[in-house]
Amino acid sequence: MSENSENSQAPGTPQATPPGPQPEPIRFFGTTWVDHDGGYGLRRAGVAIGSLATAVAACFVLRFAFQGLQIAEVGSLVGMLVIAMFAICSAVAFRKTWESFGARPKDPAREDALRGLKSIGFIGSLLAYFVRSLIEAPGEKLRRTEYETARTQFEKRRSTRTGNPAARKRPKRR
């Protein structure tokens with residue numbers, strides 16, 4: 001399958017797609033997760049370093065924003081509410097992002113409703129990406145399970161359809 005992987009062929013080479021289900025690409029990885037080819041290890045390291053560096057940079061930006069609140073002398077209650085809001089939103093965003101690596105959302109409408117909350121807690125999502133990329137490509141386990149199930153079902157359907165169905169002998173009725 002590595003010969004047909006979208007990331008292992010030279011640019012401009014026409015691609016022959018094998019029959020059956022195709023693997024779903026993962027952001028930053030394409031389909032290199034299938035055979036762990038095409039710089040998969042470097043991509044995982046890049047995603048881990050990039051997400052951690054972005055989370056650290058985001059923490060500095062939030063620190064500067066908090067210092068702006070202190071300079072404006074809005075009071076300690078507002079400062080504590082801002083800290084609590086970012087902490088809670090980051091925890092929820094981490095949890096939801098981590099869950100999305102293992103299973104498809106059961107209620108897409110609820111996920112859409114949580115999009116704003118996850119945007120506020122983006123540091124949690126970045127940390128989830130960091131931790132998961134230390135283990136595997138984020139979402140690889142889910143996509144691998146789905147892909148292998150689809151391949152198994154495809155092979156099963158294909159093996160049962162061999163031959164001409166009209167030429168089969170029918171059992172005699174009694």
In the neighbourhood of R44 defined by beta carbon distances under 12 Å, the net charge of the other residues (Lys, Arg +1; Asp, Glu -1) is 0
Within region 29-174, what whole-number % of the accessible surface is contributed by carbon and sulfur, with the 1.4 Å probe and all protein chains included in the calculation?
63 percent
Residue-normalised accessible area of region 40-132, given per residue in Å² at a 1.4 Å probe:
63 Å²
If Rh is defined by the Kirkwood formula over all Cα pairs and Rg also comes from Cα, what ratio Rg/Rh do you get for region 20-124?
1.10
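Would you tally the net charge around S125, using a Cβ to Cβ cut-off of less than 12 Å, leaving S125 out, and scoring K and R as +1, D and E as -1?
Details: positive: R95, K96, R115, K118, R132; negative: E99.
Around S125, the surrounding residues sum to +4.
The values are calculated or read from the model by the stated rules, or taken from the named source; none is laboratory data. Since we're looking at a predicted model, the values are computed, not measured. Cβ sites come from the backbone with ideal geometry, for glycine too, and all protein chains shown count toward neighbours. The area values use the complete protein model at the heavy-atom level, side chains included, leaving out ligands, DNA and RNA. Shrake-Rupley method; radii C 1.70, N 1.55, O 1.52, S 1.80 Å.
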